[in-house]
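Novice: This structure is in structure tokens; I'll ask about it shortly.
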Amino acid sequence: MERLSRKPASALLAALLLASAAAADAPSSTGQSDGPRKCSLSGLWENDLGSRMRISPPDDAGAFSGSYLTAVTSSGQPIKESPLYGAQHHPDEKAQPTVGFVVRWTFSASTTAFVGQCFVDNEGVETLETLWLLRKAVPTHGDDWMATLVGKNVFTRVKEE
């Protein structure tokens, strides 16, 4: 089997990195710089399905905890508030931090891992874009094929008075 040269792949990777860096420094579609607006994860958030989570302020290492109340389930069990634990880039390091957190569902034998990024638009609206993997317990190894679900949720901050 003939080995392919790594030079074209390296050049392509370098071009992609330069393009993404240029895009990150470019003005937004409104013609304004995205500037230093910071997204804070702490507080109350609601997603596109009506699920709500409350996140505590992160500690010095970026770790946080909170609670999650889902609006949807396929478990057939009554929904209960469930704990969440996660970490983010420290708010002083990134204006729009990446984040990861896990929810251990208290009403079913499943766990969900979320990853995403918090964004602030030019009007100051905070949005948390996430992808998730839900792992549910199955009775046998042969059922493993159906144990993981994948999805996406968009959270927006709930204004508290």
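The values are calculated or read from the model by the stated rules, or taken from the named source; none is laboratory data. As the structure is a computational prediction, the values presented were derived from the model and not from experiment. Cβ coordinates were reconstructed from backbone atoms using ideal geometry, including for glycine residues, and neighbour counts include every protein chain displayed. Quick note on the areas: whole protein, heavy atoms, side chains included, nothing else; ligands and nucleic acids left out. Shrake-Rupley method; radii C 1.70, N 1.55, O 1.52, S 1.80 Å.
Novice: If you scan segment 127-161, which residues turn out to be of a type in the set (D, E, K, R) and either within 14 Å of S74 (Cα to Cα) or not in a strand (DSSP E or B) (or both)? If you could, list the steps in order and put the result at the bottom.
Specialist: Narrowing segment 127-161 to residues of a type in the set (D, E, K, R): 129, 135-136, 143-144, 152, 157, 159-161.
Result: R135, K136, D143, D144, K159, E160, E161.
Novice: Could we say that G35 is open to solvent by less than 60 Å² (accessible area, probe 1.4 Å) and at pLDDT below 85 here?
Specialist: Values: open to solvent by less than 60 Å² (accessible area, probe 1.4 Å): yes; at pLDDT below 85: yes.
Yes.
Novice: Would you mention how many residues in segment 57-80 are crowded, with 16+ Cβ neighbours inside 10 Å, in a loop (DSSP other than H, G, I, E, B) and either in contact with a strand residue (DSSP E or B) (Cβ under 6 Å, 6 or more places away or on another chain) or of a type in the set (S, T, N, Q) (or both)?
Specialist: 3
Novice: Could you please find all residues in segment 120-140 being loosely packed, with under 14 Cβ neighbours inside 10 Å, in contact (Cβ under 8 Å) with a residue 12 or more places away in the chain and over 20 Å from the mean Cα position of the chain (by Cα)?
Specialist: A137
Novice: Which one of these is among the acidic types (D, E) and modelled with pLDDT of 90 or more: E93, E46? Walk me through how you get there before you give the answer.
Specialist: Details: E93 fails: modelled with pLDDT of 90 or more.
None of the other options fit; the residue is E46.
Novice: Check G100, G86, G124 and return the single one that is closer than 17 Å to L44 by Cβ and part of a strand (DSSP E or B).
Specialist: Values: G100 fails: closer than 17 Å to L44 by Cβ; G124 fails: part of a strand (DSSP E or B).
Matching residue, one of G100, G86, G124: G86.
Novice: Right, here's the next one. Suppose we filter F114, F107 for residues that are at pLDDT 95 or above and aromatic (F, W, Y); which single one remains?
Specialist: Details: F107 fails: at pLDDT 95 or above.
When all the criteria are applied, what remains is F114.
Novice: Give the residues of segment 103-119 that are in contact with a Ser or Thr (Cβ under 6 Å, 6 or more places away or on another chain), open to solvent by less than 50 Å² (accessible area, probe 1.4 Å) and in a loop (DSSP other than H, G, I, E, B), sorted by residue number.
Specialist: Kept after step one, since they are in contact with a Ser or Thr (Cβ under 6 Å, 6 or more places away or on another chain), are these residues of segment 103-119: 103-106, 108, 114, 116-117, 119.
Remaining after also requiring open to solvent by less than 50 Å² (accessible area, probe 1.4 Å): 103, 105, 108, 114, 116.
If the condition is that a residue be in contact with a Ser or Thr (Cβ under 6 Å, 6 or more places away or on another chain), open to solvent by less than 50 Å² (accessible area, probe 1.4 Å) and in a loop (DSSP other than H, G, I, E, B), then W105, S108 are the ones that fit.
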